[in-house]
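To start, the structure itself, in structure tokens.
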Amino acid sequence: MKKNNPVWHFFSSVHLALTTLIALAITSIIGTLIPQGEAADYYYRFFGNSIASFFSGQGHNEFISKFAESATTFTQLLDLDDMYSSWWYLSLLVLLSLNLIVCTLDRFPLTWKLIHQDNFKLHSDSIAAKQGAVHFKASVNFDTTVKILNKHGWKGGVCREEERTIFFAQKGRWGRLGVYIVHISILVIFSGALIGWLTGFKATAWVPELESVHTAYTQKGNFPLQLPYDIHCNYFGIKYYDNGMPKEYESSISLVQDQKELTTQMIEVNGPLKYEGTTFYQASYQPVPNSFVITFSQDVEDKGEKQTITEHFIADYQQPIKWNDMSFGILRVLRFQNKVKQEKFWFKNGDATPWEGWLDNNVPTTVTVDGKAFSVTVKQRFSTGLQVAKDPGVPLVYLGCLMMLVGLYMAFFMSHRRIWLLQDNTDKKKSLVLAGSASKNKIPFTHELKDLVEKIQAQTR
Amino acid sequence: MDSSTLIGISTFTFLFATLLYGINLMYNKLGRIATTTTAIALLIQTTGIVLRWIESYQIGIGHAPLTNMYESIVFFAWTIVLLQLLVEWRFKTRVSGTLNLALATIALAWASNSGSVQMAISPLIPALQSNWLVSHVITCFIGYAAFAMAAAFGLLYLLRSKGILTDRLPELNILDELNHKTMVFGFIWLTAGIITGSVWANSAWGTYWSWDSKEVWSLITWFFYAIILHARFTRGWSGMRIATLSMAGLAVVMFTYFGVNFWLSGLHSYGAS
Ligand code: HEM
């Protein structure tokens, strides 16, 4: 019934699969040629510049602007500026999925039957007629022949009937499931992607050092997203190689809820913070103009125990800060290639004469005032750019990937090989028949059968 | 001796082996010598790669030599030659040697002499500092090399069916089979390459797929070979059509490898330097 249904036939056909795959392969190119996710005026300029590069010289301006205008309209009409989530691209993916589902339902029952079929039922003539079947005389009896086959890895069963005795063994029959595992793995990956799309989010949060932020902004559409906690940035720093290339960007991040610290971690590129399914990635950074972080540490003795007290301050350029009896601030800044190298720092404790001097950026320096030693660090203040993402679909996507690799291995490298050994009991003089079939590598398999026969014949009593 | 000297020596030895394979293909002579020369050259190149690894530690930026365009080409050549030896061992035929060694030689010569490929060992930018980088590069390049191999068998099929070298090349159906086998091998590794790339992207940026141009082109390549496999398996295509498609496939692979870096922009454009 299914077979005669034209809709079923359409969706189960490999023609459709080829057409869809070709369509996907070709249309996917578009998004690599047209930049994605830009504003309308960007496309106007983009198309204008692209076409203009073909026409050097004057006189084409009107044509160029007309072209740029219609190309931009066309782009927006077909969502080419966001084509991988456009209705038509998603439709292709839906079509592929339907195709896979129907194709699987259509073929799987047959494959399952093939895996489980009773191979002793085969008619002797059809065994003897198999490609590569060998008719031979053995000097040993049937059971010894079976033992030789066993010894060469063919373990199976014997069925004794009145007319014939038959031995059957098979290998790799589950390999027939490989193709199905591959096809289903694609559906599993798609479901994972769908779950991530429906229930996850991807957002960006900019957190200046020593401040907290409660809102992240989605990467698509820039919608505000309230987080259940504050993200606090304790520190942001860049480490450099000797040649000046950045080696690592790192941020110390705390999640804080109702004044309570939930977790604190130093994150870096390739080393995010994970908290209850939400992940915080080091994505970007920005200096906060004219703003600095000053860190004081002082060793104090409290009832014989040594302790270090550390305090952080946000200092604006040339704005004095008061703390207990102390006041301090930043007088001047030395920059090299837009990077702050040194800050001129002043520091006054009570009525003592103030201390003044250049400090290397982000390097702790010991400053002694009035007989007391302080460790002072002055650094450019940064805002760390975090990607805040939650994707509950990832485990399913990974499961799909694993299934695909296992399935591909089974589909490509496991061959369902079957052998039959047949003896005609009505005519003992007739030769034995060793026949087999393989779902792959058929020619080498016929050689394997011949080898087996030679091994049997080499056995003499 | 430093790593670039060794890689230079291996390049010349590959060139020599290309000629030997050529003689073997034409006159059925010197086959063993061609294989031995190739094995020695591969050993020299392996030493060179390991040495480059050690050198990167000596200058204090230690990382596996798989991180820029130059290093990737060296590894690509290495993989092709290794696959050539594996195919010889597994399928007992040397016919693809000339084409594969020529490709390895050209790739190495271009990488060492083209001004657009930087040879110096450079430190890793933060985004590349991940263990997934190594598994990603290795899996992708085994895939690429296998597709190059498939294309070589495709070309040999074409030659033989045009009546060239008929007495020296294997039967058409055997060439077709070899083409299919190497393509299937490449398909698995390309799949693994796309997967390791996604896992890495997810651990570094929180997105396993961001439709960056390199990702899209690797997906296009993957579709391309999936189409060939289906056409073969379910529509019974073989022979000339598959041979031609496997050569076109190599063009798609090469665009994914180089073209994207030079003409399109995206996350992976570091490779252009
Ligand atoms: C990107 C998507 C797809 C991939 C990666 C894929 C992968 C595969 C693989 C690896 C094989 C085994 C080929 C071989 O053994 O040489 C196969 C076979 C097959 N595929 Fe797909 N496939 C995809 C989509 C589809 C779709 C949409 C259909 C829908 C009809 C389909 C139908 C088939 C059929 C009928 C076979 C032959 C199975 C058999 O008779 O044993 N495939 N596919």
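Read-outs throughout are calculated quantities, based only on the coordinates presented, and are distinct from any laboratory measurement. Remember, predicted model here, so these are calculated numbers, not experimental data. In this analysis, Cβ positions are derived from the backbone assuming ideal geometry, glycine residues included, and neighbour counts consider all displayed protein chains.
Quick rundown of the values:
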item: Förster-model FRET efficiency, 45 Å R0, A:L334 and A:W87, C-beta, rounded to 0.05; result: 0.20
item: Highest-fluctuation residue, B:I174, B:I80, B:I44 considered, GNM on chain B with Cα pairs under 10 Å; result: B:I174
item: Within a Gaussian network of chain B (alpha carbon springs, distance under 10 Å), most fluctuating of B:S72, B:S96, B:S130; result: B:S130
item: Distribution of pairwise C-alpha distances over the stretch A:342-441, 10 Å bins, in %; result: 11, 16, 11, 8, 9, 10, 9, 7, 6, 6, 5, 2, 0
item: Where only C-alpha atoms are counted, convex hull volume of the stretch B:1-82 per residue in Å³; result: 76 Å³
item: Shielding of A:20-27 by partner chains, average beta-carbon count, 10 Å; result: 4
item: Mean Cβ count within 10 Å, highest first, over the residues of peptides B:103-110, A:351-358; result: B:103-110, A:351-358
item: Kirkwood Rh and Cα Rg combined as Rg/Rh, the stretch B:1-160; result: 1.00
item: Value of relative contact order over chain B, rounded to a whole percent, pairs C-alpha under 8 Å and six or more apart; result: 19 percent
item: Burial ranking of peptide ranges A:277-290, A:142-155 (average Cβ count within 10 Å, highest at the top); result: A:277-290, A:142-155
item: Which listed pairs, of A:K274/A:K341; A:K171/A:K450; A:K339/B:K214; A:K247/A:K348; A:K113/B:K92, have C-alpha distances above 27 Å, in listed order; result: A:K274/A:K341; A:K339/B:K214; A:K247/A:K348; A:K113/B:K92
item: Signed unit charges on C-beta, dipole axis of the stretch A:56-197, positive-most listed residue A:C159, A:V94, A:H60; result: A:C159
item: Whole-Hz couplings from phi, Karplus 6.51/-1.76/1.60, listed for the stretch A:153-158; x for Gly and Pro; result: x, 9, 9, x, x, 10
item: Mean Cβ neighbour count within 10 Å, used as a protection proxy, ranking A:208-217, A:119-128 highest first; result: A:208-217, A:119-128
item: Reciprocal mean inverse distance between Cα atoms of the protein assembly as shown - Kirkwood radius, Å; result: 31.2 Å
item: Given chain B, longest segment not containing exposed loop trypsin sites (Lys or Arg not before Pro) (DSSP; at most 10 other Cβ within 10 Å); result: B:163-273
item: Trypsin sites (Lys or Arg not before Pro) restricted to the stretch A:241-318 and DSSP loop, no more than 10 other C-beta within 10 Å; result: A:K303
item: Average partner coverage of A:281-287, which counts Cβ from other chains inside 10 Å; result: 2
